[in-house]
Amino acid sequence: MSESGFWALQLLNALQYSMLLFLLSIGLTVIFGLLHFVNLAHGALYMMGAYIGVSVAAATGSYWAAFLLAPLAVTAIGAVLYFTLIERLRQAGPMNQVLVTFGLIFIFLDLVRIGWGDIALGLDVPQAMAGTARVLAVDYPVYRLFIIALGLLIMAALLFVLSRTQIGAMIRASVENAAMASAMGINVQRLFVCVFCVGCALAGLAGVVAAPVFSASTGMGISILIPTLIVVVIGGLGSLQGAIAGSLIVGFLETMGAVLFPQFAAILVYVLLAAILVIRPKGLIPARG
Amino acid sequence: MRTAMARIALATAVSAFALPAFAETSVGLILPKSGTYAALGNDIQDGFVYALEEAGRTSEFKLVTEDTEAKPAVGLTKARKLVLQDEVDVMVGIVSSGVLGAIRDFVDGAKVPLIVANAGNDEATGKDCSPYITRVSFSNAQVNRPMGKWMYDQGVRKVYTLAPDYAAGHQMIDAFAEAFKAAGGEIVGGEYTPFGQTKDFGPYLTKARQANPDGIYVFYAGGEAISFVKQYGSFGISKEVPLYGTGFLTSPLYVKAEGDGAIGVKTSLHYVPTLQSTENKVFVAQFEKRYGRTPSEYSVQGYDAGRLLLGALAAGAKDRASIAANLPKVRYTGPRGPMEIDPSTNNVVQNIYVYETVKDGDALTQKVIGEIKSVRDEPNGCKL
């Protein structure tokens, strides 16, 4: 393998991991930015997306059915959570929100164990994406390219919605100053529910997209939560650009760290996190300057 | 006279019931019942219970089950409870080497026999061995060592290694590397991946390819094994860089989730359900009938723990000390082949099989392609 081929492969690996982190962190950061709600159960929703995807694919034999239905199912779960639990906790303060949503992770974990068993489950990539394709003069798995493409597509779609549409403007206004936005006639409450549901859908989508690569396991919700939180804190709470920047930085740091400094790979990201918290505590591109 | 005789007869009959019933052997099953290793814990328990049922002696045993959650601190608490509160005669189980390390001193000090039905850390039958710890499963080195010479004999000369960064990962790779280098091979590079956290093996697989080896040798188990094999398969490099390792990588318990990436992977393990011996065919058929699934290496470890205990009791053991003394003397031929315990380490002496994962119709199955008989560990500092 040539030197440039090696780096091309690692670049693609980093990009793919960044896109996965982006799908998860965008939901979490916007929920925090808009609702001021720390929703750690986001990791559990990711896990539910993966497991529901596995079941749908097993029942229908089609990956695409899982791709469409899992995010919808997770949105439904998210809506139930919102109206039963989260709405009540909105005034409760971050500590209680963290405790309750963290507890939800364990509840979901045991529900998954009861429903799907303890052994990790696999999900097959669709037949059309099972091979490798020639990109940047290397052979890279087609499915991973799909993850990259999907991430970029959603990134572009969200950027468009937030900056060029009216609803995007309303969301940005509510994030900046919810009271003023409400005074101007924006139904902030309904916006909250909408945004929350979209965030949950993205978490479910991330789950079903990641399942063929990482397999659906009961620990996956917890293990992805830390990188996602780091992305959100580094990138800046509440902003899309922050999530993009954060996920690219963390994705590349972890991948290149594994390549160049394997012994330190695990702590590199935490060192960066500590540095950001000291130098720019609001993150690189926070929603409210 | 007759009434006196009748009274004596009645008294004798009544006193017969007053004699102590045959003392039940109380067994503490100390296994993870929640968390990542729960499936392994359940498999081991099922194998153990089946051994008792097969012998028709379940009524002679009282089973107390405790959940270690595969956490050393919890495992120690549960071990204490089983010994001090439930006063068990013998403990069976331990999946995680971490838990075994945590309870070793307690078991040795309390003089309670422990039959280790999984945890493979080498020291437990090496420098930390104890007359009360008998291991019927495997040691990390035991499963890897034979592959060193076997792979060299197959023509593999340069190998790149990967394993998770914790004690078992290091022990497995070290044992393989030592044997492979002794046979004449070269380790061209290797990495230890963050344990339990690595989900994306892409960067590591790419590094492995860059080292240009004849093959990659890895140790992964459980969820990490599934992820690794799937990702290895997705890069399409099996012709360029074949994959080898220990059988935990493609265990029958979860190989199905790995899909086509597992096909052609050659690994070594102390048991596969496709072994062709009579004992194994009977075991597999009966186990499937009893539990509705194929036994894995974990089930057979539990089964052999049961056989070992039954053998110790049959030789006349009645209490903790005599059970501990008799366990290493039990020998028989089981589903894995000839089974005996080496008295110098209290570790099992067993065959190691090399198998290739192949496709059989729609399912993945194991084709045995090599057998290394009676693999025995060196004492390595054990003084028994």
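Throughout, read-outs are computed from the coordinates displayed, never taken from laboratory work. Remember, predicted model here, so these are calculated numbers, not experimental data. Cβ atoms come from the backbone with ideal geometry, glycine included; neighbour counts cover every protein chain shown.
Which one of these does B:THR274 not meet: (1) assigned to a loop (DSSP other than H, G, I, E, B); (2) polar (S, T, N, Q); (3) facing another protein chain (nearest Cβ under 10 Å)?
(3)
Among the residues of the range A:255-274, which ones are assigned to a helix (DSSP H, G or I) and out of contact with any helix residue (DSSP H, G or I) (no Cβ under 6 Å at 6 or more places or on another chain)?
Looking only at the range A:255-274, we keep the residues that are assigned to a helix (DSSP H, G or I), and these are A:255-260, A:265-274.
Hits for the range A:255-274 are A:MET256, A:LEU260, A:ALA266, A:ILE267, A:TYR270, A:VAL271, A:LEU272, A:ALA274.
Does B:GLY233 satisfy being surrounded by fewer than 24 Cβ atoms within 10 Å (Cβ to Cβ), within 12 Å of another protein chain (Cβ to nearest Cβ) and not in a helix (DSSP H, G or I)?
On the way: surrounded by fewer than 24 Cβ atoms within 10 Å (Cβ to Cβ): yes; within 12 Å of another protein chain (Cβ to nearest Cβ): yes; not in a helix (DSSP H, G or I): no.
When the stated conditions are applied, B:GLY233 does not pass them.
Return the only residue of B:LYS149, B:LYS158 being basic (Lys, Arg), touching a residue at least 24 places away in the same chain (Cβ under 8 Å), more than 9 Å from chain A (Cβ to nearest Cβ) and under 29 Å from B:ASN347 (Cα atoms). Quick ask: steps written out before the conclusion?
Details: B:LYS158 fails: under 29 Å from B:ASN347 (Cα atoms).
Among B:LYS149, B:LYS158, only B:LYS149 is basic (Lys, Arg), touching a residue at least 24 places away in the same chain (Cβ under 8 Å), more than 9 Å from chain A (Cβ to nearest Cβ) and under 29 Å from B:ASN347 (Cα atoms).
Is there a residue being under 19 Å from the mean Cα position of the chain (by Cα), within 14 Å of chain B (Cβ to nearest Cβ) and in a helix (DSSP H, G or I) anywhere in the range A:188-208?
Step one: filter the range A:188-208 for residues under 19 Å from the mean Cα position of the chain (by Cα), giving A:192-208.
Add one more test, that the residue is within 14 Å of chain B (Cβ to nearest Cβ), and what stays is A:206-207.
Narrowing the set further to residues that are in a helix (DSSP H, G or I) leaves A:206-207.
Among the residues of the range A:188-208, at least one is under 19 Å from the mean Cα position of the chain (by Cα), within 14 Å of chain B (Cβ to nearest Cβ) and in a helix (DSSP H, G or I), which makes the answer yes.
Kindly provide the set of residues from the range B:134-159 that are in contact with a Pro (Cβ under 8 Å, 6 or more places away or on another chain) and under 25 Å from B:VAL90 (Cα atoms), ordered by number.
Correct list: B:THR134 only.
Taking interchain pairs and intrachain pairs at least six residues apart, which have beta carbon atoms under 7 angstrom, with the first residue in the range B:266-292 and under 14 Å from B:ASP304 (Cβ atoms) and the second surrounded by fewer than 18 Cβ atoms within 10 Å (Cβ to Cβ) and of a type in the set (A, V, I, L, M)?
The qualifying pairs are B:LEU275/B:VAL368.
Say we look at the range A:1-15 and pick out the residues that are out of contact with any Phe, Trp or Tyr (no Cβ under 9 Å at 6 or more places or on another chain) and assigned to a helix (DSSP H, G or I); which of these is nearest to A:LEU72 (Cα to Cα)? Spell out the reasoning first.
First pass over the range A:1-15, keeping only residues out of contact with any Phe, Trp or Tyr (no Cβ under 9 Å at 6 or more places or on another chain): A:1-7, A:10.
If we keep only those that are assigned to a helix (DSSP H, G or I) as well, we get A:3-7, A:10.
On the way: A:GLU3: 43, A:SER4: 41, A:GLY5: 39, A:PHE6: 38, A:TRP7: 37, A:GLN10: 33 Å.
Ranking the qualifying residues of the range A:1-15, first place goes to A:GLN10.
Residues checked against (1) more than 7 Å from chain B (Cβ to nearest Cβ); (2) of a type outside the set (A, V, I, L, M, F, W, C); (3) surrounded by 13 or more Cβ atoms within 10 Å (Cβ to Cβ):
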site	(1), (2), (3)
A:GLY93	yes, yes, no
A:LEU104	yes, no, yes
A:PHE108	yes, no, yes
A:LEU111	yes, no, yes
A:GLY115	yes, yes, no
A:ASP118	no, yes, yes
A:GLN127	yes, yes, no
A:THR132	no, yes, yes
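Test of understanding: among A:SER247, A:SER239, which residue is of a type in the set (S, T, N, Q) and within 14 Å of chain B (Cβ to nearest Cβ)?
Values: A:SER239 fails: within 14 Å of chain B (Cβ to nearest Cβ).
Only one candidate qualifies: A:SER247.
Which of (1) in contact with a Lys or Arg (Cβ under 9 Å, 6 or more places away or on another chain); (2) among the β-branched types (Val, Ile, Thr); (3) over 30 Å from A:ARG144 (Cα atoms) is the odd one out, the single condition B:VAL188 does not satisfy?
The single condition B:VAL188 does not satisfy is (3).
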